[in-house]
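A.B. asks: Quick one: the structure is below, and I'll ask about it shortly.
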Amino acid sequence: MSDATAEEETQQTTWIALDNWLVYGLFGALTLAGVAISLDPYGTGVMTPPPPAPDETGTLAVPLFVYVYATLGALGYIFTKLMSGLEEYDEPGEVRAIVEMGMRIPAAWVLGAGFYVVLLQTGNTPTDASALFGAVAFLVGLYINVAIKSLGSLADRMLGRGRKG
């Protein structure tokens, strides 16, 4: 292999590895956005649980803070995974694995909304137990796999499917 070819390959490797760092930067930007929203610096009330409805209209809205904390939980998992093995994700071609980790974020939104509804069914209200709702959303994002198993188990019990012994 000629020196020119080796140099081109090194440059290509450097630029491809840069893609990994761009995804890391995206995760960092999402984290900063989540932190900024959770601080609610302008008092917009987006992180405040909605007041209870005066009547039962049959509508159900998941408040923004559930999605914010679920996102922060998923990002917490991603950064923990990256920091415990960054050398595994610094080579070209590993962007896919990094993006796969990022797919935990929309999964956390869906599961966070599901757990929000489950918590409502237990008699908790977001106005009375906002810290509980936020903590559960964060933990759902942090532990996606555990949340999936928990919801599956709950669904089995609700549908009358027990363990087969």
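Please treat every number below as a calculation from the coordinates, not as lab data. The shown structure was predicted, so the numbers you read here are calculated from the model rather than taken from an experiment. Reconstructed Cβ throughout: ideal geometry from the backbone, glycine too, with neighbour counts over all protein chains shown.
A.B. asks: In sequence order, what are the phi-derived ³J(HN,Hα) couplings for the range 135-142 according to the Karplus relation 6.51 cos²θ - 1.76 cosθ + 1.60 with θ = phi - 60°, rounded to whole Hz, with x for glycine and proline?
C.D. replies: 5, 5, 4, 4, 5, 4, x, 6
A.B. asks: Tabulate in residue order the Karplus-calculated ³J(HN,Hα) for the range 67-78, using 6.51 cos²θ - 1.76 cosθ + 1.60 with θ = phi - 60°, rounded to whole Hz; enter x for Gly and Pro.
C.D. replies: 5, 5, 6, 5, 5, 5, x, 4, 5, x, 5, 4
A.B. asks: Give me the mean projected area, in nm² to one decimal, of the convex hull enclosing the Cα positions of the range 102-163. Let's see the in-between values first.
C.D. replies: On the way: hull surface 18.1 nm².
With every direction weighted equally, the projected area is 4.5 nm².
A.B. asks: Could you give the nm distance between label points at Ser84 and Ala33, where each point is 7 Å from its Cα heading toward the beta carbon?
C.D. replies: 2.7 nm
A.B. asks: I've got another one for you. At a 10 angstrom cut-off on C-beta neighbours, averaged per residue, how do the peptides 110-119, 148-157 rank from highest to lowest?
C.D. replies: The peptides rank, most packed first, as 110-119, 148-157.
A.B. asks: Which of the GluC sites (Glu not before Pro) found in the range 55-153 are loop residues per DSSP with 11 or fewer other Cβ atoms within 10 Å of their Cβ?
C.D. replies: Glu56
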